[in-house]
1. Provide 36, 58 in ascending order of the number of other Cβ atoms located within 10 Å of each residue's Cβ, fewest first.
2. Could you line up 149, 45 from fewest to most neighbouring Cβ atoms inside 10 Å?
3. Calculate how large, on average over all directions, the projected area of the Cα convex hull of the chain is; give the answer in nm² to one decimal.
4. Taking amide H positions as placed 1.01 Å from N in the peptide plane, with prolines and chain starts having none, which residues 5 or more places from residue 97, or on another chain, fall under 5 Å of its amide H?
5. Once you place label points 7 Å from the Cα toward the Cβ at residue 147 and residue 16, how far apart are they in nm?
6. Counting helices only, and only those DSSP H runs with n ≥ 4, report the 222 nm mean residue ellipticity of the chain as the sum of -39,500 (n - 2.57) divided by its residues, in deg cm²/dmol to the nearest 500.
7. Mind listing the phi-derived Karplus ³J(HN,Hα) values for the range 27-41, rounded to whole Hz, using 6.51, -1.76 and 1.60 with θ = phi - 60°, and x for any glycine or proline?
8. For residue 6 and residue 68, calculate 0.36 nm times their separation in residues minus their Cα-Cα distance, and state this gained length in nm to one decimal.
Amino acid sequence: MSRIPITGWCQDRIRQLMPHPVICIDATAGTGRDTLFLCRITPAEGRILSMDIQEEALAQAERRIRDAGYQDKVRFVCDGHENMDSYMSNPPGVDLIMFNLGYLPGGDHRIATSYPTTMEAVRKGLDLLKEGGLLTLMIYSGGDSGYEERDALLPFFRSLDHHRYTVILESFYNKPNTPPLPVYIIKH
């Protein structure tokens, strides 16, 4: 078996848990890789809200989506993920919400997700999810950001009512440095 990239592994896991989501949110658009993934797994009538606080990130994401021909499926919003509920009209009704924490690849490391806004966004996301919905996070805690965010989020996930949510945390245990932690939360 060849080396398995972490992002590919996580996308396969999402496909297993939520194979055909219709309403999705990419809460941290970045360069648009997750938005493109969502476009590919949603049916033709699927709709995606793609958010980021950086115009530069959204421009990259929009270009990626347009080049792939999915522009009719995606609404791009320049705003913080903690405001995602402002852009959804009929909660709860979201099938899948993705977070890819940290900073824009190749961007300014001083502009990164942080635990106060991410915690608020996760709480709102859990409210927006419909029963059977999935919220995923890729928590990056190495380098120059993310330790506080990780250390605030993990106890919160452990405290979620197990009758209402199943929380799965995966670890790439033998990867060097501080590999990302994928988290999958299923709402019952």
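Each reported figure results from applying straightforward, stated rules to the coordinates on display, with no laboratory input. Here the structure is a predicted model, which is why all the values come from computation and not from measurement. So basically every Cβ, Gly included, is an ideal-geometry build from the backbone, and we count neighbours across all protein chains shown.
1. Numbers: 36 19, 58 22.
Sorted ascending by nearby Cβ count, the order is 36, 58.
2. Numbers: 149 23, 45 8.
In increasing order of surrounding Cβ atoms, one gets 45, 149.
3. Working: hull surface 42.7 nm².
Mean projected area for the chain: 10.7 nm², to one decimal.
4. Those lying under 5 Å, H to H, from residue 97 are 25, 134, 135, 136.
5. 3.2
6. Numbers: 5 runs with 62 residues, N = 188.
Here the helix-only value at 222 nm equals -10500 deg cm²/dmol.
7. 6, 9, 4, x, 7, x, 5, 5, 4, 5, 4, 5, 4, 6, 9
8. Details: separation 62, 0.36 × 62 = 22.32 nm, distance 2.28 nm.
The residue 6-residue 68 span can extend by a further 20.0 nm.
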